[in-house]
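To start, the structure itself, in C-alpha cells.
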Amino acid sequence: MNHPLPILMLPVATQRYSCHGCGNCCRDFTVQLREADLAKLTAQGWEEKIGQPVTTVFRGRTYLKQRADGGCVFLMEDGLCRIHKDYGFTEKPIACQLFPFVLIPDDVRTHIGISFACQSVRENKGAELRTHLREVDRMSFSLPETRATTYSAMLADTLSAKEGELDALRMTLDRFLAREDVVMRDRFDGLAWMVASLGRAQLAEVRASRFRELITMLASALPGELEHLPLDRALEKQMRLLRQATYARLEDVQVNEAMSVGRWRTVLRQLLASRAFTRGVGRAPSVARGLLDGCEFAAIAAIPTLSESPDREAIDALYARYARATLLGNRAWGAGYYGWSAVRGLQAMVLNIACSAWLARALAATRHHEHATLEDVRDALGRIDRHAGRAPWLGSVGERLRMEYFRLDDGLRRITRESI
Ligand code: SF4
C-alpha cells in the first residue's frame, strides 16, 4: 500500500468499550468473508471437523454460514467463538476482529468510528478507546481500502468541500451536541434546525472562511432561536413517512432465511410490512424476529416522548455519545454514509435519531412500559445503527426522495420534537 492515510481514534472521551462476550454480534450479523478469511478457514480445516460447510454463497458473495436461529455456525453455547477458542483472536474473519470499530477514510485521514449495534458500546462499558488504537491499526492493514481516500468529500450535492470546511462543521456541531446546559429535546431540535438551515442556504456563495462564520453564527443562535421558531405538531403524512423510514431501518433478512423462503416471497413480505408501518393502524406486523410482536400502533402513539421519561438524563447522555461518535467517527457522510454530501448525510443522521426515538417508544409499548426506559432506547438505537451506512437500500434513490420530503414544512424538526 502506498502512503496509507494516518489513522485517528474516535475522539469522544466519554465513550468506552471492551468486548464482554455477549455474543449478540455473532447472532445479529451476517459476516461477509474476504479471500484472506476464506484461506484461513480452509487451512483451519473446519469442514472436516464440523462435518458440514461453514460458508455459503448468496448473490455472488461468500458469508459465514448461520444456524437456523440466525447464530453463526462457530458460536458456542457459552456465547464464545470456536475459532477464537481453538486458534486465537487474530485467526477469526477480519470483520469479526474489527467489530464494533469501523474504519472510514476521508481526504486526509482514516477515522476510527464505533457502532452502537454493540451492547458494550451502548452501555459504555470497558476501556478508554485510545487503548484499542494499536490493535485497530494492525487490523486496518487487512483492509487496505480503509487507509486510502475512496470519496472526495462533498459539502452539498454539487459542491466539493474546500479545505477545513467539513472539519469546522464537525467541530461546531460536536461542541453544540456536547452542551449539557441544553436539554435533550432542544439539542436535537437545534441540530435539526441547523441541518435544515444548511439545506436551504446558497452554500456556493458562502465558502471557506465565510462558511465557517455561517455555521458558528447558526450554532451561537441556539438554543435561544428555537423559542422564536415555534412548531405545530408533525403532519400525519410526516408521521407516516417516519414509520416507513423506521421499518426500512428494521429490515432484517438473514441470508439463510432469504435462501429458504425465496426472493419474491421475501420481497412481498417486506412490501406488506412496509405498508402496514406506513398506515400505522391496528397491530404492528412481525419484524426483526418478533421485535414488536403483539404491539398496536395506537399503543405506540400513546407512549410519551423520551423527554418525559424518568430516565431522560441517561437517555440524553446516550444520544449525545451516539451523535458525537457518528459525527467524529466520519459516519455521517462521505465514505461513512453512501458517499452522501455533508448536508444530506446530516439530514439522514437526524432522521436516524428520530427513527430510533420512535422505535424506543414502540419497544416500550410492546413491553408494557408507561414510558420509554433507558433499556428501550438502548435497544432501539442498536437496531437502527446496525444498518446505518451499510444497508444498500438506505443509500438508494427512494431514501433520498424521503429525505427531500422531510426538508419541506420543517419535517425534520417536527418529527424530532414529536419523538424526543
Ligand atoms: S466467526 Fe466467531 S466472532 Fe465471527 S460471527 Fe462467528 S462466532 Fe462470532
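Just so you know, all these numbers are worked out from the coordinates, no wet-lab data involved. Keep in mind that this is a model prediction, so the values were computed, not measured. Using ideal geometry, Cβ is built from the backbone for each residue, glycine included, and neighbour counts are taken over all protein chains shown.
Things to note:
- Cα shape, segment 85-127, gyration tensor, a/c 1.5 rule: oblate
- Hull volume per residue, based on the alpha-carbon atoms of the chain and their convex hull, is 146 Å³.
- A Förster distance of 30 Å, applied to the separation of the beta-carbon atoms of SER220 and GLU296, puts the FRET efficiency at 0.10.
- Loop sites in segment 116-174: GluC sites (Glu not before Pro), DSSP, at most 15 other Cβ within 10 Å: GLU163
- Calculated P(r) of segment 7-147 - Cα pairs past 22 Å, %: 42 percent
- Spacing of the two label points (7 Å from each Cα toward its C-beta) at SER396 and CYS22, in nm: 3.0 nm
- Put a dot 7 Å past the Cα of PHE141, heading toward its Cβ, do the same for GLU91, and the two dots end up 2.1 nm apart.
- Neighbourhood charge, 15 Å Cβ-Cβ cut-off, centred on ARG179 and excluding it, Lys, Arg +1 and Asp, Glu -1: -3
- Separation of segment 264-279 from segment 31-72 is 30 Å, based on Cα centroids.
- Cβ-defined net charge surrounding LEU318, 12 Å radius [Lys, Arg +1; Asp, Glu -1]: -3
- Given their separation in residues at 0.36 nm each and the Cα-Cα distance between them, ALA43 and ALA201 gain 51.2 nm when the chain is fully extended.
- Amide H contacts under 5 Å for ALA288, placed H, 5+ residues apart: ASP252
- Look at the dipole of the chain built from charges on Cβ: of ALA342, LEU394, VAL206, the Cα furthest out on the positive end belongs to LEU394.
- Selected from ALA288, ALA192, ILE315, residue furthest toward positive end of dipole (segment 152-420; charges at beta carbon): ALA288
- Scanning residues 5 or more positions from THR62 or on other chains, those with amide H under 5 Å from its amide H are LEU33, with H placed 1.01 Å from N in the peptide plane.
- Sorting LYS40, LYS125, LYS92 by the number of Cβ atoms found within 10 Å of their own Cβ, with the fewest placed first, yields LYS125, LYS40, LYS92.
- The mean of 1/r over all distinct Cα pairs in segment 114-171, once inverted, gives the Kirkwood hydrodynamic radius of 14.6 Å.
- GLU213 paired with TYR405, simple spin-label distance in nm, labels 7 Å along Cα-to-beta-carbon: 3.9 nm
- Linear extension gain, ILE50 paired with LYS162, 0.36 nm per residue minus alpha-carbon span: 34.9 nm
- Pairs of lysines in the chain whose Cα atoms sit within less than 27 Å of one another amount to 11, provided the residues are eight or more positions apart or on different chains.
- Taking other C-beta atoms within 10 angstrom as a stand-in for reagent exposure, SER140, SER152 fall in the order SER152, SER140, fewest first.
- Residue-count net charge about CYS19 - beta-carbon cut-off 15 Å; Lys, Arg +1, Asp, Glu -1: +1
- Overall form of segment 292-346 per C-alpha gyration tensor (a/c, 1.5; a/b vs b/c): oblate
- Among TRP264, TRP358, TRP333, the order by Cβ neighbours within 10 angstrom, fewest to most, reads TRP264, TRP358, TRP333.
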